[in-house]
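**Q** Please read through the structure below; I'll follow up with questions.
The values are calculated or read from the model by the stated rules, or taken from the named source; none is laboratory data. Source: prediction; values computed, not measured. Cβ placement follows ideal geometry from the backbone for every residue including glycine, while neighbour counts extend to all protein chains displayed.
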Amino acid sequence: MTFLGKSGHQRAFLVALIAVGAALVLSVVSFANTSTSSTVTVSVGGVGGEFGFSVGQGTPATTSWASDATTTVTVSSVTNFNVGDYILIDEDADGVPAGSSGDSFHTITAINGSVLTVSPDISNTYSTAASVSEEAPNSSSATWSPSVGSTSSITAGNHFLINLQGLGTTDSALIEVFLTNTDELVKNYTFLHRLVNVQVLCDSGSCPTGAGTTPFSTSGTNGVWQDAVDAAGTTVSATDDYLTLTNARQAFILLGGYTYALTIDGGTLFTIDVTETTGDSLSPTDLVQLTAL
């Protein structure tokens, strides 16, 4: 396992931050919606948390801009948007943010009807072409189709989106992923191996690399996701990290001040039964716990 480096520079501040509320340690449960005849799919639910320190899950949301003020943006739909989401207000609605345009990134701090309260403040004047979207590296979550007596492949997709924008870049957080219902899964699968990767979003026009300075593996353009690296410049997932029925925990230490995605980049499974009764399941229950260090 490769870890991003941490710093105790503001440890006292983070201890106080944790005391603000239980939202600073989040448990997110992932349920797959499934039946004996359907594709197993990680759900598209979302969970809000303390601003700048939150975990969400699922398919990214996209909607159209209606109007904005200094701290709010009114949209046509809030479906799949949640407090803590890291969003892009895209002035030309082309899906490609550019440093020279009026496009800007914000974190949702509150939702009231069709109004999103955001931080930092909105400083640009937008047009009716603007769109609002939650940023994620993939368009959907990972999926697979169990078939009795055969091996199946897992289609890559999003797993969890992690917003650490509210922490300083000298701070860090421990991200732990647990598979909590192994006892149920072993009645349906001989094995279930999911390859977990950590990606980071470049949101500043140009994201230079440098050991100990940024978590970016390469220089990037605004809006591009890439593999996250540790303080030594090594890719976090340089060694494959599989969440399995026997290795049911993965852990990463990620630098504050950035937005990350835990993705499932593939995997395999072997199905021995597709009948779900009391005490067995085709659907992994994943729990993510996030703790400031």
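**Q** Going residue by residue through segment 113-128, is there one that turns out to be assigned by TED's automatic domain parsing to the domain that holds Y258, buried (at least 22 other Cβ atoms within 10 Å of the Cβ) and under 23 Å from A292 (Cβ atoms)?
**A** no
**Q** Can we say T218 is exposed (fewer than 15 other Cβ atoms within 10 Å of the Cβ) and among the hydroxyl-bearing types (S, T, Y)? Don't jump to the end; show me each part of the working.
**A** Values: exposed (fewer than 15 other Cβ atoms within 10 Å of the Cβ): yes; among the hydroxyl-bearing types (S, T, Y): yes.
In short, yes.
**Q** Quickly run through segment 235-258 and pick out the residues that are hydrophobic (A, V, I, L, M, F, W, C), touching an Asp or Glu at 6+ places or on another chain (Cβ under 7 Å) and not in a strand (DSSP E or B).
**A** First, the residues of segment 235-258 that are hydrophobic (A, V, I, L, M, F, W, C): 236, 238, 243, 245, 248, 251-255.
Still in the running and touching an Asp or Glu at 6+ places or on another chain (Cβ under 7 Å): 236, 251.
Across segment 235-258, the qualifying residue is only V236.
**Q** Would you please name the residue that is nearest to the chain's Cα centre (by Cα), looking only at residues in segment 259-273 that are buried (at least 19 other Cβ atoms within 10 Å of the Cβ) and either among the small types (G, A, S) or not in a strand (DSSP E or B) (or both)?
**A** It comes out as A261.
**Q** Something else: Those residues that are without any contact (Cβ under 8 Å) to a residue 24 or more places away in the chain and over 14 Å from T182 (Cα atoms), I need them from segment 234-277; list them, please.
**A** T277
**Q** Also, quick follow-up: Out of V200, V196, report the one residue that is assigned to a strand (DSSP E or B), within 15 Å of the chain's Cα centre (by Cα) and within 24 Å of S145 (Cα to Cα).
**A** None of the others qualify; the one that does is V196.
**Q** Then there is this: Identify, from the list E176, E184, the residue that is touching a residue at least 40 places away in the same chain (Cβ under 8 Å) and out of contact with any strand residue (DSSP E or B) (no Cβ under 9 Å at 6 or more places or on another chain).
**A** Selected residue: E184, the only one of E176, E184 that is touching a residue at least 40 places away in the same chain (Cβ under 8 Å) and out of contact with any strand residue (DSSP E or B) (no Cβ under 9 Å at 6 or more places or on another chain).
**Q** Also, quick follow-up: Could you please give the count of residues in segment 179-200 that are within 13 Å of V288 (Cβ to Cβ) and buried (at least 18 other Cβ atoms within 10 Å of the Cβ)?
**A** Adding up the residues that qualify gives 3.
**Q** Here is a follow-up. Take the residues of segment 67-112 that are exposed (fewer than 15 other Cβ atoms within 10 Å of the Cβ) and of a type in the set (A, V, I, L, M, F, W, C): which is nearest to I162 (Cα to Cα)?
**A** A110
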